[in-house]
Amino acid sequence: MVKAIVGANWGDEGKGKITDMLAQESDIIVRFQGGANAGHTIVNNYGKFALHTLPSGVFYDHTTSIIGNGVALNIPVLFREIQSIVDQGVPKPKILVSDRAQMVMSYHILFDQCEEERLGGKSFGSTKSGIAPFYSDKYAKIGFQVSELFADEAYLRDKIANVCVQKNILLENLYHKPALDPDKLYEELMEYKEMVAPYVCDVSKYLWDAIREGKNILLEGQLGSMKDPDHGIYPMVTSSSTLAAYGAIGAGIPPYEIKQIITVCKAYSSAVGAGAFVSEIFGEEADELRRRGGDGGEYGATTGRPRRMGWFDCVASKYGCRIQGATDVAFTVLDVLGYLDEIPVCVGYEIDGQVTTDFPTTYLLEKAKPVYETLPGWKCDIRGIRKYEDLPENCRKYIEFVEKHIECPITMVSNGPGRDDIIYRR
């Protein structure tokens, strides 16, 4: 059976924990899109980890972790990450890398940095990990696929020369930077070949065989619905599809094989980077929620940047679940809200004097004002509770209020950072 774990909102919803938890009963975990520009924070028996490329199921001996063809593969980052978890006592994971995955090159990171500098105050808030230049090259058909590392030297050098013609015009004339050296790029590719060669696999065939053998497969997405380039808050989005539907493409499996789509929602809202964020809060109110949030404060797992904070947004979350095709919602970090006397929830957007509960396109979103309902808090610590009926009444009412407004069943409630801090609800 194939399940997908994806985000309903802006990312940072807690997908890593849910993947880590469900990996216990899975055989294979696949990262199907994105790169090392966003991280998944995981707390388990080995300690606390911030993963950037590795799937979040690498902590189990029985799982195989796969880098799918849809991933922006930064090979040095991947292998530093493997070494870092091994250094913390985790058994070396079983890794496979798709021969059709494409590689983030050093010049992708350079171009990302240059463009953010050029844009200045109008920048996209990029993590400068090379993701947008990487996907731009992929779709311009000048990227380097892992399989090409094993091609003839003459083929690679010819392709490198063609890439350098285009890149050097931009570097020298737009960004006023030194030109790329074709010999150094060839050396870079050969270093990548040596590192990745033992792990390269026809992942699509591997997964096809695994499905026919009845294996349990998890597809793990990065970021969330609001960051999808088609259906998110364009242009303040990422460069690959963050939707479960893309999981089939980014892993190389038939779409009909995805039987369950677990969409992760936070019990409040947070976002990293620029873009519309209707329920955003500021000042001391935001600082307090940020300090208490997550599993050590709401800061980006990759950048360390303070996350923007907001109250739960039913409009965005209903849309985010719908566009993902959610069959289940995992509701995370609920324990964080235990300090509040009252909890505002955004239930609508006022745009040009009209209230809507449907998520609009970006130009309208920029004008939207939140419409709130306020619910009573439960004023206690709910960590350690394992049964839904043992939660405080106001806590259950909050969950059920959200469930009604997002129109999707909340079947899992996370009430702490640990792997076992979970309440199943049917």
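Got a number for carbon plus sulfur as a percent of the stretch 1-104's accessible area, 1.4 Å probe? Answer for the stretch 1-104 is 47 percent, counting heavy atoms of protein chains only.
In this simple spin-label approximation, Asn216 and Glu373 carry label points 7 Å from Cα along the Cα→Cβ vector, and these lie 3.6 nm apart.
For the chain, hydrophobic long helices are taken as DSSP H runs at least 24 Å long by C-alpha position along their axis with mean Kyte-Doolittle hydropathy of -0.5 or more; these are 153-173. Please work out whether the stretch 157-297 counts as rounded, prolate or oblate from its C-alpha gyration tensor, where a ≥ b ≥ c are the square roots of the eigenvalues and a/c under 1.5 means rounded, while otherwise a/b larger than b/c means prolate and anything else oblate? Because a/c hits 1.5 or more and a/b fails to exceed b/c, the stretch 157-297 counts as oblate. Between Arg212, Arg292, Arg322, the Gaussian network model of the chain with springs among Cα atoms under 10 angstrom shows the greatest mean-square fluctuation at Arg212. Solvent exposure of the chain, expressed per residue, is 41 Å² of accessible area, with all protein chains present and a 1.4 angstrom probe. Other residues with beta-carbon under 11 Å from the beta-carbon of Ile382 carry, at +1 per Lys or Arg and -1 per Asp or Glu, a net charge of 0.
Sorting Ile18, Ile169 on solvent-accessible area from highest to lowest, probe radius 1.4 Å, gives Ile169, Ile18. In this label model, Phe150 and Lys193 are separated by 1.2 nm, measuring between points 7 Å along each Cα→Cβ vector.
Rounded to the nearest 500, what is the 222 nm mean residue ellipticity of the chain from helices alone, with -39500 (n - 2.57) per DSSP H run of 4+ residues and division by all residues? Please list the in-between numbers first.
Working: 12 runs with 137 residues, N = 426.
The per-residue figure over the chain is -10000 deg cm²/dmol.
Potential lengthening of the chain between Lys48 and Glu366 amounts to 110.8 nm, from the contour at 0.36 nm per residue minus the alpha-carbon distance. Cβ-Cβ distance of Met1 and Lys92, R₀ of 35 Å, FRET efficiency by 1/(1 + (r/R0)^6): the value works out to about 0.85.
Rolled with a 1.4 Å probe across the full set of protein chains, the surface gives Ile253 an accessible area near 20 Å². Rounded, prolate or oblate: which one fits the stretch 8-82, using the alpha carbon gyration tensor with axes a ≥ b ≥ c (rounded when a/c is under 1.5, else prolate when a/b beats b/c, else oblate)? In terms of gyration-tensor shape, rounded.
Could you tell me what percent of the accessible area of the stretch 146-221 is made up of carbon and sulfur, with a 1.4 Å probe and every protein chain present? If you can, show how the numbers build up before the last one.
Values: 2190 of 4290 Å².
Within the stretch 146-221, the accessible surface is 51 percent carbon and sulfur.
For the stretch 71-112, what class follows from the C-alpha gyration tensor (a ≥ b ≥ c being the square roots of its eigenvalues): rounded when a/c is under 1.5, otherwise prolate if a/b is larger than b/c, else oblate? Here the stretch 71-112 falls in the oblate category.
Heavy-atom accessible surface of Asp87, to the nearest 10 Å², is about 110 Å², with a 1.4 Å probe and all protein chains retained.
The values are calculated or read from the model by the stated rules, or taken from the named source; none is laboratory data. Bear in mind that the values here come from a model prediction, so they are computed numbers and not experimental data. Glycine also receives a Cβ, built like all others from the backbone with ideal geometry; neighbour counts cover every protein chain displayed. Only protein heavy atoms, including side chains, enter the accessible area calculation; ligands, DNA and RNA are left aside. Shrake-Rupley method; radii C 1.70, N 1.55, O 1.52, S 1.80 Å.
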